[in-house]
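This report concerns only the one structure given below.
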Amino acid sequence: MKLCETESGKQTRGLSAFPSLLMRLLMGQIKGSPSEEDTSILPPKMIMCQFILWCWCLCSLYVHAFTKSLSLHMYGNWDETHFGKMGSYYINRTFFFDVHPPLGKMLIGLAGYLTGYDGTFPFIKPGDKYEHHNYWGMRAFCAALGSCLPPFAFLIVLELSHSTPAALIAASLLIFDTGCITLSQYILLDPILMFFIMGSVLCMVRFNTQRLRPFSFSWWFWLLLTGFCLSGSLGVKFVGLFVILLVGINTAFDLWRLLGDLSLSLVDFGKHLLARVFGLIMLPLFLYTTIFAVHFVVLNRSGPGDGFFSSSFQSRLIGNNLHNASMPEYLAYGSVITVKNLRIAGGYLHSHWHLYPEGVGAHQQQVTGYLHKDYNNLWLVKRPDNSDDLTGPPELVRHGDIIKLEHKETTRNLHSHFHEAPLTKKHLQVTGYGINGSGDMNDLWQVEVCGGKKGDPVKVLRSKVRFLHRSTGCVLCSSGKTLPKWGWEQVEVTCSPYVKETPSTQWNIEDLINPKLPNISLSVLKPTFLEIIWESHIVMIRGNSGLKPKDNEMHSKPWHWPINYQGLRFSGVNETEYRVYLLGNPVIWWLNLLSLALFVLMLTVASLAKQRGVKMEGMRKVHCHTLMEGGGMLLLGWLLHYLPFYIMGRILYYHHYFPAMLFSSMLTGTTSISNIDLTLEFQFSISACFSFYLFHPLSYGMRGPLAHDPASFMAGLRWMESWEF
């Protein structure tokens, strides 16, 4: 079907030219963009056609994801128990720790606050009913941002290919993807992250179209908006670094092109360079820092995240025992103390009644690092001969002194010996040993003040202290490794034979109880803003890398993702429960995988033809240019958001692929520009819509028989054995 023809019988750009014109009119740009060959006004019928396409594209996901998610499933799902709870923490101003930057959780908390949620739902486990809590505002916010993904994809592909069918295909792939629908329905970071990633890419390609209008209002607008979206991407998750890298590569090529433009003076090139440094580096950095400033101002009350941070960090939290507190300045014998490792997330020196299991060193009492404040963190400082003078003046502990540390609750001494540690095999085991404070020579530790000299007293909170084991010569250490379930998944404490000073072997005295000693104010300990930000990032990075799979926990590998090998159970297991299963629409995902291979083949052929000097004219030349520039950028985006997961040591989940899936869907649309007409486009849309109809219960929830039962309405749709629905 031809929309309009020239006198020579050739189809004009017609419908495919209109969206760019419409967007320019909507955005107040001057008619006759230098990047367009034809900006003539289109007939009213085409305007109406384009308007209908826009409405269909915008409304479909709203109908599916927005409205339905608010009326169904009043139970917590999967990571809603984490991010919903963190939204509650913001409303209650309670400090917590998370491995991701704070923007996404702040926005979730703000959405809940503005819609009447009071922050009282406990979010204990998936399946808990929300009852009368106003959870809908947080879900609606995430759904609204998820609903923007298809229009963003439409505009990006339209700008890169100047093809309405290609843009419509890309949008359709996201509209009818069950995975995107599922992620957009719940209180999760993923729709927020993908919103900012797609916003960054859209602003970047719009900025690229302003090349012939440098330093105009629209040029500055898209440059600064790109920087704004980049800060949002990184502010939600560190995955935002990948889109920052994509924009950085695009900017580097753009600057290289400008440097080769001999009509541009070096002064003008310098202006371009400084403008991009301001818009794409300084502005995002300022906004990113502002996010953390707001985060620290709002979360000013002590909470479950205190123990992950240093003593000085905790001193700024209202309700923490170190906030505006006073305690003795120096450590003395007979004091009851807590000892905190200076490694980020190294934990407090901790023990409990449980023993190391058989086959794990000596069958003695466990000594671990615990990340939370607890009575089992208390230790009594004793002389090596147990001779404590309770009537005389207190005697200070000094650099070089030999001491014993008796666990307050169990009365066993801190002990080490020539047995290997549970996880770090080159280190020695640390245990609790003895009865009522009596033990042996392996209970003796020498105190060393880092940077001190013999006779220097140990200062509470301010001295960095090491404990050297007298019998073996090793030094008390927090390895940072997480013990198995027999160790309650606490941090491994060892005795390291490597005596070099590192944060892992350095400790400070955080709490001290000794009524014989005078107290001083601890207000001098409060850290600066830059120190707080630096420590927060170290804790987040180490916490992220330390995420390991637990027993029987479902996780996946990167090669699983493009082939849709395995989904992720959001809620429910058996046929009596309400089940939601995260799985991408297999028709769409496998089409994306096929399009990736087809694109690489087409790009190779186009590159060879160009290298051989084959002349291309008309639409073939346009398609070749689109493949090599627009498609190449989308392929790079897919690679940057997918390949890094192969080298990550942390636990990985299926949902980590979805940012890359956005790029593969847009690449599918771009690849189709020379391979599809309006009739095929309509047929494709019907196929995508029908496949969504078949698999939509995965997104909206289902009860009754499982898919292997012929009576199930999902019977026959379990196309891979690894799908668990």
Quick one: compute the contact order of the chain, relative version, from alpha carbon pairs under 8 angstrom and 6+ residues apart, as a percent.
14 percent
Extreme residue, positive dipole direction of the range 208-308, given options GLY305, VAL236, LEU224 (C-beta unit charges):
LEU224
Let's see if you can work this out: charge +1 on each Lys and Arg Cβ, -1 on each Asp and Glu Cβ, no other charges. What is the dipole magnitude of the chain about its Cα centre, in debye to the nearest 20?
1100 debye
Along principal axes, Cα extents of the range 257-297, largest first, whole Å
50, 15, 6
How big is the chain by Rg and Dmax over its Cα atoms, in Å?
30.8, 112
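Most exposed first by the Cβ proxy, i.e. fewest other Cβ within 10 Å, how do MET648, MET138 rank? Please list the in-between numbers first.
Working: MET648 13, MET138 27.
Result, fewest neighbours first: MET648, MET138.
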Relative pair counts by distance (%), Cα atoms of the range 66-179, 10 Å bins:
13, 37, 26, 17, 6
For the peptides 155-167, 358-370, what is the packing order when you average, over each peptide's residues, the other Cβ atoms within 10 Å and list the highest mean first?
155-167, 358-370
Pair VAL614, MET628: separation of 7 Å Cα→Cβ label points (nm):
1.2 nm
Formal net charge of residues neighbouring SER310 (Cβ-Cβ distance under 14 Å; K, R +1; D, E -1)
+3
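With a cut-off of 8 Å between alpha carbons and a minimum separation of six or more residues, what is the relative contact order of the range 189-297 in percent?
Once normalised by length, the contact order is 31 percent.
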Mind checking the dipole of the range 189-297: about its Cα centre, +1 per Lys or Arg Cβ, -1 per Asp or Glu Cβ, Debye to the nearest 20?
120 debye
On a 29 Å Cα-Cα criterion, which of the cross-link pairs LYS459/LYS500; LYS481/LYS516; LYS408/LYS481 come out too long?
LYS481/LYS516
Semi-axis lengths, Å, the range 326-521, gyration tensor of Cα atoms, sqrt of 5 times eigenvalues:
25, 17, 16
Counting other beta carbons within 10 Å of each residue's own, what order do VAL236, VAL539 fall into, fewest first?
VAL539, VAL236
For PHE278 and ILE402, compute 0.36 nm times the residue count separating them, minus their Cα-Cα distance, and round to one decimal in nm.
38.9 nm
Among PHE713, MET633, LEU667, the residue whose Cα sits farthest towards the positive end of the charge dipole of the range 586-725, when +1 is placed on the Cβ of each Lys and Arg and -1 on the Cβ of each Asp and Glu, is MET633
Fewest-first ordering of TYR642, TYR135 by Cβ atoms within 10 Å yields TYR642, TYR135
Report the calculated FRET efficiency for SER216 and LEU530 (r = Cβ-Cβ distance, R0 = 35 Å), to the nearest 0.05.
0.45
Mean Cβ neighbour count within 10 Å, used as a protection proxy, ranking 330-342, 221-233 highest first
221-233, 330-342
Gyration tensor over alpha-carbon atoms, the range 126-219, equivalent ellipsoid semi-axes in Å
33, 16, 8
Compute the semi-axes of the equivalent ellipsoid of the range 233-376, taking the square root of 5 times each eigenvalue of the Cα gyration tensor, and list them largest first in whole Å.
51, 22, 13
Once Lys and Arg get +1 and Asp and Glu get -1 on their Cβ, which of GLY451, SER471, VAL605 lies farthest toward the positive end of the dipole of the chain?
VAL605
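Applying a 10 Å radius around every beta-carbon, put 480-490, 399-409 in order of their mean neighbour count, most first. Mind dumping the intermediate values first?
Details: 480-490: 16.2, 399-409: 19.8.
The peptides rank, most packed first, as 399-409, 480-490.
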The range 296-402 - charge dipole about Cα centre, Lys and Arg +1 at Cβ, Asp and Glu -1, debye rounded to 20:
460 debye
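Laboratory data are not the source of any read-out in this text; all were calculated from the coordinates shown. Since this is a predicted model, take the numbers as computed values, not measurements. Neighbour counts are summed over all protein chains in view; Cβ atoms, including those assigned to glycine, are modelled from backbone coordinates with ideal geometry.
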